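Take a look at the structure set out below.
The values are calculated or read from the model by the stated rules, or taken from the named source; none is laboratory data. No experiment lies behind these values; they were computed from the predicted model shown. All Cβ positions, glycine included, derive from the backbone under ideal geometry; neighbour counts span all protein chains shown.
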Amino acid sequence: MLNIYNTLSKKKEEFKPINAGKVSMYTCGPTVYDYIHIGNIRAYMIPDVLRRYLEYCGYEVRQIKNITDVGHLTNDDMAQGDTGDDKIEKKALKENKTPAEITEFYEKDFHEVEKEMNILPAHYFPRATAHVPQMIRIIETLIKKGFAYEMNGNVFFDVTKFADYGKLSGNNLEDLQVGARLEEHPDKKNPWDFALWIKAPKEHILHWDSPWSVGYPGWHIECSAMSTEYLGDTMDIHTGGEDNIFPHHEAEIAQTECATGVKFVNYWIHTRHLKVDGVKMSKSKNNFYTLENIKEKGFSPIELRMLILSAHHRTQLNFTWASMEQARANLATLNNFYSRLLSHEPTTEEKLSGMTLEGYKKDFEEAMDDDLNTPKAMSVIFQFVTDGNKLLDENLLGNPMEAKKLLETFAKVLGLILQVAEIPEAVQKIAQERKEARQNKDFAKSDELRDTIDKLGYIVEDIKDNNFIIKKK
Ligand code: AMP
Ligand code: ZN
């Protein structure tokens, strides 16, 4: 039974879907004006692990991930996220391209990165620009019900009309007044009101007709429009990075619940940020990494996936190149074991003794059930690998195909792609013996074994933690 931390209740809750056996899930997707970075990747990978685990538990999951191609303003870290320039338009002007050229390019790149990271594609990727009529309908309802007001062609949500405003982030209006980095807008009744519709200045490229002005939607309204369009007024899960909690998701709750009159989302799941060398990623600090930068250093996307799995999603993950080396060693350990299992031919006698697998499966599920504890789940897998390798060394693993199947199951849930090194078992065994010799600091023996491997046509490459990768010459 999955227990998951819900930002709304601020505690772990047993997961109970609205409809038996089915899960509806909305993931705030990218604003397609730049390459996504490894922090964004973490924010998309965690919901992917959640979805994979829910599917493993037998649920049919429907996941929607939006593409923000309009309305996300540059000052999104300030106040209500409705000041500054449109990020996409700004980039288009800078590069002398149309907004559509910018969004098409970065959207394509986003999909490629997700694919390389083995993130399952959402069932649908709605684009904000294709849902402006739906946004206008919600805004009309909000005005009609008295939750929103129009002023000089702009429409704002009146936060004082929604008593629950702040229930997600824990902010309340009184505290917010103090010291808030608010940019006063002359048309706002209260400083914390947020824009639903913005009248476009003359030079603004992206604009639509509306009952209020020729303009463009606020950033928050797009997610309310697209999530309810495809998942209904109430959905099971909504995910995002921790910076989405306020103002973005707080605003989504306010405007959606006021428009529909029902609860919007049952479980809010937020991934904490990824930092690099202990500090926030930023282009100016030169510590801003994309998947391409990871690959340039010789690491694979699945090694990055391995690293992201090594931290709990509710702890900040500190990215370092040393931790990438560790992730590489860990993945190699899994791949070496996988290759050994595949090429292991148990003797008739050995078949009588098998590896007991149930315990590992149970422990893995227990870890995942506990708020998707991936580091704990990984440690269960490594115990399984250590025990399995030992049995292989002693010729006591009589059921390699069953063990292989279990390893594949674990890998599928975590989205890891295992690679079989086409290495004969004899070579793998010698490499394992060499590892032990190195551990015992018997370097003469270790060199001798390396030569034997070399003569058989293979090369062992030593990596972190006394681990190795075997390659064909
Ligand atoms: P954006 O395109 O800026 O809206 O961000 C896309 C997603 O990535 C959002 O869910 C953000 O919360 C998330 N995100 C942004 N920066 C980081 C980071 N450093 N670590 C983890 N997630 C992040
Ligand atoms: Zn969103």
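What the table shows:
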quantity: Among the candidates Tyr267, Tyr216, residue that is away from ligand 2 (no atom under 12 Å from the Cβ), in the same structural domain as Met45 (by TED's automatic domain parsing), within 17 Å of Ala128 (Cβ to Cβ) and part of a strand (DSSP E or B); calculated: Tyr216
quantity: Yes/no for Lys455 being free of Cβ contacts under 8 Å to residues at least 12 places away in the same chain, over 20 Å from Asp393 (Cβ atoms) and out of contact with any strand residue (DSSP E or B) (no Cβ under 9 Å at 6 or more places or on another chain); calculated: yes
quantity: Residue satisfying condition, being within 16 Å of ligand 2 (Cβ to nearest atom), in a helix (DSSP H, G or I), in contact with a Phe, Trp or Tyr (Cβ under 8 Å, 6 or more places away or on another chain) and within 25 Å of Tyr5 (Cβ to Cβ), within set His249, His238; calculated: His249
quantity: Single residue of the range 18-71 satisfying the filter (of a type in the set (Ser, Thr, Tyr) and assigned to a helix (DSSP H, G or I)) that is farthest from ligand 1 (Cβ to nearest atom); calculated: Tyr56
quantity: All positions within the range 7-45 that are within 16 Å of ligand 2 (Cβ to nearest atom), touching a strand residue (DSSP E or B) at 6+ places or on another chain (Cβ under 9 Å) and of a type in the set (Val, Ile, Thr); calculated: Thr7, Thr27, Thr31, Val32
quantity: Filter result for Lys390 (part of a helix (DSSP H, G or I), over 14 Å from Glu345 (Cα atoms) and at pLDDT below 95); calculated: yes
quantity: Residue, modelled with the lowest pLDDT, within the range 46-84, restricted to residues that are within 16 Å of ligand 2 (Cβ to nearest atom) and among the acidic types (Asp, Glu); calculated: Asp77
quantity: Checking Ile381 against (1) among the β-branched types (Val, Ile, Thr); (2) modelled with pLDDT of 95 or more; (3) surrounded by fewer than 18 Cβ atoms within 10 Å (Cβ to Cβ), the condition it does not meet; calculated: (3)
quantity: Condition met for Ala254 (away from ligand 1 (no atom under 16 Å from the Cβ), closer than 27 Å to Asn3 by Cα and part of a helix (DSSP H, G or I)); calculated: yes
quantity: Checking Thr290 against (1) away from ligand 1 (no atom under 13 Å from the Cβ); (2) over 24 Å from Ile245 (Cβ atoms); (3) in contact with a His (Cβ under 9 Å, 6 or more places away or on another chain), the condition it does not meet; calculated: (1)
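The rows are residues; the columns are (1) within 16 Å of ligand 2 (Cβ to nearest atom); (2) surrounded by 20 or more Cβ atoms within 10 Å (Cβ to Cβ).
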| position | (1), (2) |
| --- | --- |
| Asn244 | yes, yes |
| Lys263 | no, no |
| Val276 | no, yes |
| Arg305 | no, yes |
| Phe319 | no, yes |
